[in-house]
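The values are calculated or read from the model by the stated rules, or taken from the named source; none is laboratory data. These numbers come from a predicted model, not from an experiment. All Cβ positions, glycine included, derive from the backbone under ideal geometry; neighbour counts span all protein chains shown.
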Amino acid sequence: MSEFVVYTVPGSPYGRSVMLALEEKNAPYRIHSLEMGEHQSDAHRQRHPFARIPVIDHGDFRLYETQAILRYIDAVVPGAHLQPVDPRAAGRMDQIMGVNDWYLFPDVSAAIVFQRIIGPVLMGLTPDEAAIAQAMPKARTCIAELDRLLDDQIFLAGDSLSLADLMIAPQLDYLAQTPEGQDLLGGTALGAWLARMAERPSMRATLPPEVFRSAA
């Protein structure tokens, strides 16, 4: 199989989701690292007209949008399937991936994680406590709902690892480093799930740069 090329900014949770899928499928890949802000460049807009990350090249095929990339990887790379066959489990996976893209990332990670980790590390910013406080109601809703959906299952969509796990884990791995995340996840089934995910070889192989893991 031809090598995948992943265009991403080091530390991006969405880039990490793609790397997790490739690791879980034992697919050959290499990272084309972009500097912070380089995704806005004309060169990158040739890859992604909306100036986002990640993007992949697979041979002569280029693809952007994380969910599309994850589904493509699962479809073309042999090995254990990362999308359930059971309609209910598949529906739950899709639902949780939607929660990530519509609520968890834009309303929680982009506020709390940015203020506690990304802003201070990359921009020297002081955390905006008001912005963090404003994000907390949505954070509580997201964590409570993901915890409810997980229930007593091993993985988010059932008994097998799915794309939902690979999307949520990088987001919560960052959130868990913050005081707010530790408070929200402490003593929950979701927190225990995250601890199990952290032990997977794929998670260990795709850790963000150390500077992000010791910031909060």
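Overview of values
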{"quantity": "Any hit, segment 146-166, residues being surrounded by 15 or more Cβ atoms within 10 Å (Cβ to Cβ), at pLDDT 95 or above and closer than 19 Å to residue 118 by Cβ", "calculated": "no"}
{"quantity": "Residues of segment 197-215 that turn out to be surrounded by fewer than 16 Cβ atoms within 10 Å (Cβ to Cβ) and either free of Cβ contacts under 8 Å to residues at least 24 places away in the same chain or in a loop (DSSP other than H, G, I, E, B) (or both), as a count", "calculated": "6"}
{"quantity": "Qualifying residue in segment 10-20 (condition: β-branched (Val, Ile, Thr), under 19 Å from residue 203 (Cα atoms) and in contact with a Lys or Arg (Cβ under 9 Å, 6 or more places away or on another chain))", "calculated": "no"}
{"quantity": "Residues located in segment 142-168, provided they are under 25 Å from residue 23 (Cβ atoms) and not in a loop (DSSP other than H, G, I, E, B)", "calculated": "146, 149, 150, 155, 158, 163, 164, 165, 166, 167, 168"}
{"quantity": "Of all residues in segment 60-85 being among the charged types (D, E, K, R) and out of contact with any Lys or Arg (no Cβ under 9 Å at 6 or more places or on another chain), the one that is farthest from residue 18 (Cα to Cα)", "calculated": "60"}
{"quantity": "Check on residue 170, under 24 Å from residue 136 (Cβ atoms) and not β-branched (Val, Ile, Thr)", "calculated": "yes"}
{"quantity": "Scope segment 30-86; condition assigned to a loop (DSSP other than H, G, I, E, B) and within 17 Å of the chain's Cα centre (by Cα); matching residues", "calculated": "52, 53, 54, 65, 82, 83"}
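A quick yes/no check of all residues on (1) out of contact with any helix residue (DSSP H, G or I) (no Cβ under 7 Å at 6 or more places or on another chain); (2) closer than 21 Å to residue 25 by Cβ:
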{"position": "167", "(1), (2)": "no, yes"}
{"position": "174", "(1), (2)": "no, no"}
{"position": "182", "(1), (2)": "yes, no"}
{"position": "199", "(1), (2)": "yes, yes"}
